[in-house]
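So the structure is just underneath, and the comments pick up after that.
The values are calculated or read from the model by the stated rules, or taken from the named source; none is laboratory data. Remember, predicted model here, so these are calculated numbers, not experimental data. Here the Cβ is made from the backbone with ideal geometry for all residues, glycine too, and neighbour counts use every protein chain on show.
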Amino acid sequence: MVWCIHQRIKRGQAMDDIETLQARVETLEMSRAHQERAIEDLSEGLAAQWKQIEALNRQVARLADQVQEAQSTGGGGGAPEPPPPHY
């Protein structure tokens, strides 16, 4: 009789251990899923930022070319500009 009760307690404890482990595994799986989604979101954001940086770099290069062209065609040559009247 004592042996039977002892076995039931062991089985009950084993079931509790299994349920505890299952709960921990589920928690880890949910955490992993959230982390995967966060990584995907960060990756998409980073890709969008790189596109924007590349577009801004092209724009800066075009503006630099325009400034250089403006200086070489008329703005940069000839006599220096006189100071403003308040000097």
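Of all the listed residues (32, 8), the sole one being modelled with pLDDT of 95 or more and among the basic types (Lys, Arg) is 32.
For the range 68-86, the set of residues classified as modelled with pLDDT of 75 or more and surrounded by 10 or more Cβ atoms within 10 Å (Cβ to Cβ) consists of 68, 69, 70, 71, 72, listed by residue number.
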